[in-house]
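So the structure is just underneath, and the comments pick up after that.
The values are calculated or read from the model by the stated rules, or taken from the named source; none is laboratory data. What you are looking at is a predicted structure, and each value in this text was computed from that prediction instead of being measured. Here Cβ is always computed from backbone atoms with ideal geometry, including for glycine, and neighbour counts include all displayed protein chains.
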Amino acid sequence: MPRMTTESTLEDLRERIEAGYPLLFLRTWEERRWERLLAELALEMERGLVTWSQTSGWQPPVSESSGTSLAAACAAYPSEHLFLLKDFHPQLSQPEVIRQLRDLAAVLPERRQALLLMDPVAHVPPELEKDAIVVPLPLPDYADFREGLDELLTELQADGVATELTPQDEDHLIQAVLGLTYAEARKAWVRALQGRTRLDDAALTVLVSEKRTLASASDLLEFHDLDAGVDDVGGLDELKRWLQQRALAYTPQAREQGIPLPKGALLLGVQGCGKSLTARATARMLSFPLVRLDISRLLESQRGESERNLRDVLHLVESLAPVVLWLDELEKGFAGVGGDEFSDATMARIVGSFLMWMQEQQRPVFVIATANSVHNLPPEMLRRGRFDELFFIDLPNFHERHHILRIHLAKRNWKPERFHLDELAQRTEGYSGAELEQIVSAAIIDAFGRGQVLTDVDLDRARRLLVPLSKTMEEKIFELRQWAQDRCRRATSDNRAAQMLDEEQRLGVLEVEEDRTGALPSWAALAVAGQLKAAIVEYVKREGGDILLPELCAALRPHVDVDGEQGLAVRTNPNTVLWLGMNKELCEAIIELTSARRLYVHPTDPERYRQRNEALKLPVLLEPTDEKLPRPKWLPASLRTAPHPTHSSRLARLARMQLAGAT
């Protein structure tokens, strides 16, 4: 089922109202935002909007002679009206109110009226279940937050606060607050940007921490601060490179090109080799909250409770999205699994539900699971489609051990260059990352206890006193490494093989395939490849961020089909025409880009069109207006990468139209 967005929900409400649904229960915490959106929808549908609350009564006021009952008030207003009742649910405990609503349900469609009951509960009394429908109003999506961030930055600029945010910074600001209400997000932005001109790690940590209260709603989720970065992970270059590529899939450019969202990775490896640290660093890299799910705590003694716990916690995880879901020591959580068979029926149902969720969920939830063994994991969990990749993290090699030792000395304010780390790394063959950290910690404590400064001797003494796991558990580690030999992708690249390939390429042994698309600019190559939205954004940016619609058509025409009998108009005022002569695909691409606030429509000087000898044969409208135009008028406009200071929201919702003989 596709996820409901603000735009799709408004379209759903429009269809239900026009179809004659009399009672719509709207569930939301965002009263102000949705009241504004419903007012715009009523204006677009050419219907009046009347609001009611316990404190303000009917607005605009109903005539005193009509009485105070709900039915009398609705009858006092003309047809073609919507009635928005805010926090009306306490009144639903009164039998006479229920009776009035049942009576109104029969007559409201005849008057082309509808009752919209908006509150955070949206509980429908049993008597109204066949006459009413509940519509959950979604939280703001990316496009809504894009508009809100633009407004905030404009306000900060007007107040003399100069920010130096890149498009990537702005994308991080929006991604970090997805799952919050509009009011919560705005307060989080103000707090994160306070005293800062650029977006740094501290600001992102502030934003991500705003979701801590959401995670605390469940005892099964544990919220983790973003206290570890990629630089804290020694080695694992192949895994880091893979994660960095997956991070790009969450950017606006990836969404324009239809790049699928990553599902996650399963990290299998020797204990103490950095699996948990990598999970925490992944969340920092993506700038997503990190929540840890303890699978073993899902289990309840009462039948059906465990499955309900899983459904509730997965629903909460989706509400936190974008988020990194960390499943630590996966094989212990699924302890009721034995090879291909389940010894526990409850665990079998939980695993089946969880695997189905991993397969089907469409939200930006990146699942990163860690395991020290595969014997208790069901085979279906290891197949592609649940996880994007299965990585094996082995004991660190010489270069990784050297890097890990440097990291832990530097974290404790010791200068790594003062020590002979090459020799220590050579002597610690078979030591895990956790054991290397323990060597550094033990040596520092011992030196401090003797009242001396840390030396190479202290580090080597700590090494000799620590027996690595690779010796005490040699057989099990050997078995794990043998299993992973041909079944997993290595988290560390084979440096020797890479060096051989580089050498062969330098000597000309390997032929480098010629780039056949190099003759085309990047935007044109995207257009030819079918990525029309990405091509439009790239072209507008390349041309300075201000392009007339016929200029865009002329640029795209040699590469894709853009001509047709369609056009663009302002959705809330359909007689405000922007341009004609385009096909359906181009119109819909521009509509999606402006709706998502990737591009913005700006009124522009008609002279720019006249200089190109291109204009519509319609009366010219210099500025957009909220007054309904009785006849079509042409609003000369351009596409830009920055929002208009006053008309941004008014021109964000466009629609396709057709007007014969206008060009």
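Answer with yes or no whether GLU11 is among the acidic types (Asp, Glu), loosely packed, with under 15 Cβ neighbours inside 10 Å and either over 22 Å from GLN59 (Cα atoms) or not assigned by TED's automatic domain parsing to the domain that holds PRO90 (or both).
It is true that GLU11 is among the acidic types (Asp, Glu), loosely packed, with under 15 Cβ neighbours inside 10 Å and either over 22 Å from GLN59 (Cα atoms) or not assigned by TED's automatic domain parsing to the domain that holds PRO90 (or both).
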Quick check on my filter: what residues within the range 176-213 are over 20 Å from VAL365 (Cα atoms) and in a loop (DSSP other than H, G, I, E, B)? GLN194, GLY195, ARG196, THR197, ARG198, LEU199, ASP200
So, in the range 526-553, of the ones that are in contact (Cβ under 8 Å) with a residue 60 or more places away in the chain and of a type in the set (Lys, Arg), which residue ends up farthest from SER638 (Cα to Cα)? LYS533
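Matching residues to (1) under 29 Å from GLU170 (Cα atoms); (2) part of a loop (DSSP other than H, G, I, E, B):
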position	(1), (2)
GLY544	yes, yes
PRO550	no, no
ALA555	yes, no
ASP561	no, yes
GLY564	no, no
ASN575	no, no
GLY581	no, no
ILE591	yes, no
Test each condition in (1) touching a residue at least 24 places away in the same chain (Cβ under 8 Å); (2) surrounded by fewer than 18 Cβ atoms within 10 Å (Cβ to Cβ); (3) in contact with a strand residue (DSSP E or B) (Cβ under 6 Å, 6 or more places away or on another chain) for TYR600 and report the one that comes out false. (2)
Just checking, does the range 588-595 include any residue being without any contact (Cβ under 8 Å) to a residue 12 or more places away in the chain and either in the same structural domain as LEU578 (by TED's automatic domain parsing) or small (Gly, Ala, Ser) (or both)? no
Exclusive hit being crowded, with 17+ Cβ neighbours inside 10 Å and within 24 Å of THR9 (Cβ to Cβ), set GLU614, GLU592: GLU592
Going through (1) in a helix (DSSP H, G or I); (2) free of Cβ contacts under 8 Å to residues at least 24 places away in the same chain one by one, THR55 fails only at (1)
Residue pairs qualifying under the 6 Å Cβ cut-off, at least six apart or on distinct chains, with the first in the range 406-434 being closer than 22 Å to LEU465 by Cα and the second being hydroxyl-bearing (Ser, Thr, Tyr) and in a helix (DSSP H, G or I), are GLY430/SER470
When you look at GLN253, is it in contact with a helix residue (DSSP H, G or I) (Cβ under 8 Å, 6 or more places away or on another chain) and more than 23 Å from LEU310 (Cβ to Cβ), yes or no? yes
Leading residue by the ranking (nearest to THR428 (Cα to Cα)) among those in the range 449-484 that are in a helix (DSSP H, G or I) and polar (S, T, N, Q): SER470
Restricting the range 221-242 to residues that are of a type in the set (Asp, Glu) and outside any strand (DSSP E or B), the one nearest to the chain's Cα centre (by Cα) turns out to be ASP225
